[in-house]
Amino acid sequence: MDKSYTILLVPDRDAKVKKIRLEHRMLVRVGVCFGVVVLGLVGALAHYFQVVGKVAENELIRAENLELQNRWREAEQKFSHINDELDRVKRLNANLRHITSLNDPTASSPCPSPNRDKQRRNSSAAGGHRAGAGGMGAVGMGKPAPVGAKAG
């Protein structure tokens, strides 16, 4: 059952006819090799289009990354500006406290208070303690009264 195929090549009038004999096994082998080559080309094309898709995706990711980096720089600049403003406010607060002597708990307030005068009169009648020494400070930011002490 050895199959073979014969191909006759007939040239123009005065040339000799040529015979080419091909065996079935050889045609099958050539067909299998051709199929493997075609499958390799299809695989290479699929891989190529996959890579092209990833490159396009990478371009989108790069653009998004640049946008996020710009937003991050803007946020850092705003944060820095807020910190500068906060430092400026702290310095201003310290200067105002220094000018008005609010940092010194023993200093008397530059503004007279009717309540302070009453406290002085009451404390001098009760034992001669100064109003600003043990109770409230100049602006009402002094130490709290001990637990169990009666409010007077």
Scan around Leu22 for amide H atoms under 5 Å from its own, H built in the peptide plane at 1.01 Å from N, and keep only partners 5 or more places away or cross-chain. Tyr5, Thr6, Ile7
Please compute the modelled spin-label separation between Asn95 and Met26, points set 7 Å along Cα→Cβ, answer in nm with one decimal. 10.3 nm
What's the extension gain from Arg88 to Leu60 if we count 0.36 nm per residue and subtract their Cα-Cα distance? 5.9 nm
Gain on full stretching of the segment that runs from Val38 to His81 - 0.36 nm per residue minus C-alpha separation: 9.1 nm
Beta carbons within 10 angstrom, averaged per residue: use that to sort the peptides 36-43, 6-13, highest first. 36-43, 6-13
As a Kirkwood estimate from alpha-carbon pairs, the range 1-64 has a hydrodynamic radius in angstrom of 16.4 Å
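Rule-based calculations on the coordinates, nothing more; no lab input. On a predicted model such as this, the values are computed, not experimentally measured, just so you know. Glycine gets a Cβ as well: all are built from the backbone with ideal geometry, and neighbour counts include every protein chain shown.
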